[in-house]
Amino acid sequence: MQSVIVGWQIYALSKDVLDLGLIGLTEAIPFILISLFSGHVADTFSRKKIIVISTFFFLIVSSFLFYCSSENSTLLKHFGTFPIFIAIAATGIIRGFLSAAYPSLIAQIVPRKLYANASTWNSTVWHIASILGPSIAGFIIAINYTTAYSVDILFIILAIFSFFFVSNHSIPKRAKQESIFQSIRSGIKFVVKNQVILGALSLDLFAVLFGGAVALLPAFADKVLHAGAVELGFLRAAPAVGAVCMAFIIAYKPPTKNAGRNLFISVAAFGLSTILFGLSTSYFWALIFLFLTGAFDNVSVVIRHTILQLSTPDEMRGRVAAVNGIFIGSSNEIGAFESGSTARAFGLKPSIILGGILTIAVVILTARLSPKLRKLNIEQLD
């Protein structure tokens, strides 16, 4: 919800596509800077407590955005979009801790033999939220921003409350004691030396980096489709709808056999769908192609998460999750900046089409450089 509200609010204030890209960069920089440290923290302290505390700080940030948008506040009148960007930067720090602790806690809860299936359902639930969030936000923004932020705050409170029902799990013992810097270096070294993990992360990094069309949706909805906030909410939800539909297919027929081949095909199809979205001028076809981007992207998400869970020792999950967060989580935001910059330089539609073409090029290059990933059968990792 909050990403849609913030994106629409900033674009309404500035009418500049570059600002849509700066949203991503403002969140990505603090996220990257804190991620490696947060990975060490997730392998040292209670992962449940990290999640609860981080989500509480997220509540504070959302409350600040609510205040900025209220009639009694003059912050936006005096400082423009700057207070909103401050809140976005704080969100990046919070996400840095969540991205390391959350998948590490899941790995402690779920039995090893159920990782692939659990990754599918975890992705499904996340994408259901991604459907409902933008859709609800689109409708409520039409009322006003304070109402939208108040509903956002309510859901964050429910999230904090729900975590108290998750039992505590002790941190896995390490083979040796390390300093913070040694610990961080060990996590990076583990990822770099594993061709399958490094190949999967690199593929998603550059695919998301170049295929970040979603960041431009407020401008695309306004200038190309001539749509409003409600229609924007549905456009933002379309990839998540596609991901959920694909998740049910994956749950019935997991992509574990010939997983490497399936990974490359799905990312290439994601790039092609991005190109077709960029070429569309109809609201209906824009929804369809965004639906397909989410469907194909979910295949790669499930495969990548399963690879990480099965290939990572328990005592190193926080640090590997942090590296994964830098590769994948920050690529969404940096990709948003790349999309905004390219849109300003070459135009809105050409920037989206170019991103899809570069995504397919990355697939071809990675397939040549990572033969182990190309031939991967996930069942062999058990």
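Every number here is computed from the coordinates shown, using simple stated rules; none is lab data. None of the values given here were measured: they were computed from a predicted structure. Neighbour counts run over all protein chains shown; Cβ positions are idealised from the backbone, glycine included.
Build a GNM of the chain with springs between Cα atoms under 10 Å apart, and of Ile360, Ile109, Ile184 the one that fluctuates most is Ile109. Within the same chain, lysines fewer than 8 places from Lys15 are excluded, and of the rest, those with a Cα less than 27 Å from its Cα are Lys77, Lys223, Lys349.
Straight Cα distances below 28 angstrom link Lys48 to the lysines Lys113, Lys173, Lys176, Lys189, with same-chain residues fewer than 8 positions distant left out. Take the alpha-carbon centre of the range 235-257, take the same for the range 1-71, and report the distance between them in whole Å. Each part's Cα centre sits 26 Å from the other's. Computed from the C-beta positions of Lys15 and Lys193 and an R0 of 51 Å, the FRET efficiency is 0.60 to the nearest 0.05. 3J(HN,Hα) along the range 57-71: 5, 5, 4, 5, 4, 5, 5, 5, 5, 4, 5, 4, 8, 6, 5 Hz, from the Karplus curve 6.51 cos²θ - 1.76 cosθ + 1.60 with θ = phi - 60°, whole Hz, x for Gly and Pro.
Remark: Tyr252, Tyr283, Tyr149, Tyr102 ranked as Tyr252, Tyr283, Tyr102, Tyr149, counting other beta-carbon atoms within 10 Å and listing the fewest first. Can you give the Rg to Rh ratio of the chain, both from alpha-carbon atoms, with Rh computed by the Kirkwood formula? On the Cα set of the chain, Rg over Rh gives 0.95.
Taking other Cβ within 10 Å of each residue's Cβ, how do Glu71, Glu27, Glu315, Glu231 sort, fewest first? Could the numbers behind the result be given before it?
Working: Glu71 7, Glu27 30, Glu315 15, Glu231 18.
Sorted ascending by nearby Cβ count, the order is Glu71, Glu315, Glu231, Glu27.
Comparing Leu276, Leu201, Leu348 in a Gaussian network model of the chain, where Cα atoms under 10 Å apart are tied by springs, the biggest mean-square fluctuation is seen for Leu276.
Please give the calculated 222 nm ellipticity per residue for the chain, where each DSSP H segment of at least 4 residues contributes -39500 (n - 2.57) and the sum is spread over every residue; nearest 500 deg cm²/dmol? Mind showing how you got there, number by number?
Values: 17 runs with 303 residues, N = 382.
One gets -27000 deg cm²/dmol as the mean residue ellipticity at 222 nm.
Listed by chain and number, the lysines whose alpha-carbon sits under 17 Å from that of Lys375, ignoring those within fewer than 8 places in the same chain, are Lys257.
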